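Down below is the structure, laid out as structure tokens.
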């Protein structure tokens, strides 16, 4: 029995070392978690402060650039509505609606064959689409402006929406293709056996099952078009076609004097449609696919 004791001691030393290592890791884990939580809290506060300023300054009778409790008033909203009106909001809705409708429709038609068909040079084409998503839109404005001058398309919200749709299309195609890839091909095969053509399969089988993906693509495109500034500033010139992002330039004063309360009120009003759209769509589309009942044994 005494001869076994050294062996038992040698075997116990690694086990004891392992227990000590685990205990040390457990002691260090709360420190790392606290540091990560503190960093995330700091980042959250950094992003929250501008939003708090916008909310407080919009209802403050004496606003400034500090975040403070407001002296409640609605004069800032009344001044914004009386001076600017809501025509710029209607123009932004029209521009974003045209961009979203065109982008989502064309992206669905292009993503389906890329997902389901053996398209020649499909991989290089997908890489080209991915590369196009990173192109800055500002570098395309000069040739686009020259082309719009030639065709007489300047100062039109519809043609401006077409340009925004073209710039949003690569990412929308890439996004929708990934959603269509998740649809089981067996459902399309069953539809083909029943005599459905490609168009019927796309409209009645694939698109209903990819509604969450379509909603994500539409929301992303709408938000980008709603917040577009440089493109409508360059391609639209008449005041009656002015969109909301360009109309905020009217609040900029001289010598650094800006009506902080009116800017905050206008910014809050301009942000509400996007917030409401996100809340409504997130309630109806959870982002998950449901194929229950699609395939029956």
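Here are some notes:
- For segment 231-244, the candidate set comprises residues that are over 19 Å from residue 273 (Cα atoms) and assigned to a loop (DSSP other than H, G, I, E, B); within that set, the residue that is farthest from the chain's Cα centre (by Cα) is 238.
- Residues that are surrounded by 15 or more Cβ atoms within 10 Å (Cβ to Cβ) and under 17 Å from residue 106 (Cα atoms), drawn from segment 145-161: 159, 160, 161
- Among the criteria (1) over 16 Å from the mean Cα position of the chain (by Cα); (2) assigned by TED's automatic domain parsing to the domain that holds residue 136; (3) modelled with pLDDT under 85, the one residue 289 does not fulfil is (2).
- Inside segment 226-278, residues that are touching a strand residue (DSSP E or B) at 6+ places or on another chain (Cβ under 9 Å) and surrounded by fewer than 21 Cβ atoms within 10 Å (Cβ to Cβ) make up a count of 1.
- Residue within segment 62-78 that is touching a helix residue (DSSP H, G or I) at 6+ places or on another chain (Cβ under 6 Å), at pLDDT 85 or above and not in a loop (DSSP other than H, G, I, E, B) present: yes
- Output for segment 184-208, where each listed residue is within 12 Å of residue 108 (Cβ to Cβ) and either buried (at least 18 other Cβ atoms within 10 Å of the Cβ) or in contact with a helix residue (DSSP H, G or I) (Cβ under 9 Å, 6 or more places away or on another chain) (or both): 202, 206, 207
- Close pairs from segment 187-198: first closer than 13 Å to residue 116 by Cβ, partner modelled with pLDDT under 85, Cβ under 6 Å, at least 6 apart: 187/294
- Criterion (more than 26 Å from residue 190 (Cβ to Cβ) and outside any helix (DSSP H, G or I)) met by exactly one of 228, 247, 218: 228
- Among the residues making up segment 168-186, those that are in contact (Cβ under 8 Å) with a residue 60 or more places away in the chain and within 10 Å of residue 103 (Cα to Cα) are 168, 169, 172, 173.
- Subset of segment 116-125 that is assigned to a helix (DSSP H, G or I) and in contact with a helix residue (DSSP H, G or I) (Cβ under 8 Å, 6 or more places away or on another chain) - its residue that is modelled with the highest pLDDT: 116
The values are calculated or read from the model by the stated rules, or taken from the named source; none is laboratory data. Just so it is clear, the model here is predicted, and its values are computed rather than measured. Heads up, the Cβs are rebuilt from the backbone with ideal geometry, glycines too, and the neighbour counts pull from every protein chain shown.
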